[in-house]
Amino acid sequence: MSDQTVYGGAPGGTASRKPLTLHRIRDMHAQGEPIAMVTCYDASFARVLDAAGVDCLLVGDSLGMVVQGQTSTLPVTLEETAYHLRCVVRGNKSAWLIGDMPFGSYQQSPAQALASATVLMQAGAQMVKLEGGGWTTETVRFLTERGIPVCAHLGLTPQSVHALGGYRVQGRNDEAAATLKRHARELADAGAAMLVLELLPSVVAAEVTQSLAIPVIGIGAGKACSGQVLVLHDMLGITQGKLPRFVRNFMDGAPSVEAAVRRFVTDVKARSFPDDALHGY
């Protein structure tokens, strides 16, 4: 039986794979196996995504926009995130579970971040994700030294959408790219076990990925990343209006939601999604 059948990937499903651990995710990365991640907010979809072989479920603050109908992620609270985590835990059996630290839950101090991360971990998260570089390095070190796995997030950081001037591609000029690369290195050195890169030129994301020893998960950051993540409602064609070019509707032609998600997992593992010519910047 292959490692992919036992642990991750679409073919095995939950019936034949062991629960993913951080150690296994590191092994996947070391072996060059792309990591498939999808956002998730409830028990029913957690069962479907887990059965389809998704490696990591992210209870993202994107729930503010796709579940609550907000115009940004900013209104999402820590208590709401913990609620959705508890829901996802009930449906998930084997995927690695990451909880977003919402706006205002970690910016004040590392001690505040620890208190917030504790709430999410007690709700069932196995890792927490926080946005930004520079000032966050101290917080990442503070959390990881206390046994809390951290996923960092650079590039477009939606909690800073107003400071960034909207949902725009980041790292386009040499100075911005250099700052991003420096922040990525600092976060990895501080103990971040994973990094999400959002809305970056593919060449910049590739350079960051190649420079780090930790998995780098892309969303609108090109195919060279160690894995890919999409918002559930975007990839299933539920989200209304104009979507970013990095989104692909996997429900198109699929007989079921599970089949659509399996296609996503298969295409990520085969590195046929994303296609930089269609989805990259």
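The values are calculated or read from the model by the stated rules, or taken from the named source; none is laboratory data. Treat the numbers as computed from the prediction; the structure is a model and nothing was measured. Here the Cβ is made from the backbone with ideal geometry for all residues, glycine too, and neighbour counts use every protein chain on show. Note: areas computed on protein heavy atoms with side chains; ligands, DNA, RNA excluded. Shrake-Rupley method; radii C 1.70, N 1.55, O 1.52, S 1.80 Å.
Observations, loosely collected:
- Considering residues of the stretch 168-178 that are of a type in the set (A, V, I, L, M, F, W, C) and modelled with pLDDT of 80 or more only, the residue most open to solvent (accessible area, probe 1.4 Å): 178
- On inspection, residue 132 does not qualify as open to solvent by 10 Å² or more (accessible area, probe 1.4 Å) and without any contact (Cβ under 8 Å) to a residue 12 or more places away in the chain.
- In the stretch 64-91, the residues that are over 20 Å from residue 150 (Cα atoms) and polar (S, T, N, Q): 68, 70, 71, 72
- Conditions (1) at pLDDT 95 or above; (2) open to solvent by less than 10 Å² (accessible area, probe 1.4 Å); number of the one not met by residue 149: (2)
- Counting only helices (runs of 4 or more DSSP H) that fall entirely inside the stretch 196-281 and contain at least 1 residues that are hydroxyl-bearing (Ser, Thr, Tyr) and out of contact with any strand residue (DSSP E or B) (no Cβ under 8 Å at 6 or more places or on another chain), the qualifying elements are 202-211, 257-269.
- Residue in the stretch 259-275 that is at pLDDT below 95, out of contact with any Cys (no Cβ under 7 Å at 6 or more places or on another chain), within 25 Å of residue 224 (Cα to Cα) and of a type outside the set (Phe, Trp, Tyr) present: yes
- Residue 182 falls short on exactly one of the conditions (1) open to solvent by 20 Å² or more (accessible area, probe 1.4 Å); (2) within 24 Å of residue 61 (Cα to Cα), and that condition is (2).
- Residue match in the stretch 107-116 (condition: part of a loop (DSSP other than H, G, I, E, B), open to solvent by 10 Å² or more (accessible area, probe 1.4 Å) and in contact with a helix residue (DSSP H, G or I) (Cβ under 6 Å, 6 or more places away or on another chain)): no
Let's see how each residue does on (1) under 15 Å from residue 99 (Cβ atoms); (2) at pLDDT below 95; (3) assigned to a helix (DSSP H, G or I); (4) open to solvent by 10 Å² or more (accessible area, probe 1.4 Å):
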{"site": "12", "(1), (2), (3), (4)": "no, yes, no, yes"}
{"site": "20", "(1), (2), (3), (4)": "no, no, no, no"}
{"site": "27", "(1), (2), (3), (4)": "no, no, yes, yes"}
{"site": "36", "(1), (2), (3), (4)": "no, no, no, no"}
{"site": "45", "(1), (2), (3), (4)": "no, no, yes, yes"}
{"site": "48", "(1), (2), (3), (4)": "no, no, yes, yes"}
{"site": "54", "(1), (2), (3), (4)": "no, no, no, no"}
{"site": "58", "(1), (2), (3), (4)": "yes, no, no, yes"}
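- The listed residues are 184, 178, and the only one of them that is without any contact (Cβ under 8 Å) to a residue 24 or more places away in the chain and out of contact with any Ser or Thr (no Cβ under 7 Å at 6 or more places or on another chain) turns out to be 178.
- Test for residue 89: is it out of contact with any Pro (no Cβ under 9 Å at 6 or more places or on another chain), surrounded by 24 or more Cβ atoms within 10 Å (Cβ to Cβ) and in contact (Cβ under 8 Å) with a residue 24 or more places away in the chain: no
- Considering the stretch 60-79, the residues that are farther than 14 Å from residue 101 by Cα and not in a loop (DSSP other than H, G, I, E, B) include one that is most open to solvent (accessible area, probe 1.4 Å), namely 65.
- Exclusive hit being farther than 18 Å from residue 229 by Cα and in contact with a strand residue (DSSP E or B) (Cβ under 6 Å, 6 or more places away or on another chain), set 143, 49: 143
- Only one entry in 99, 53, 69, 60 is more than 18 Å from the chain's Cα centre (by Cα) and not β-branched (Val, Ile, Thr), namely 69.
- Test: residue in the stretch 155-167 that is at pLDDT 95 or above, of a type in the set (A, V, I, L, M) and surrounded by 20 or more Cβ atoms within 10 Å (Cβ to Cβ): no
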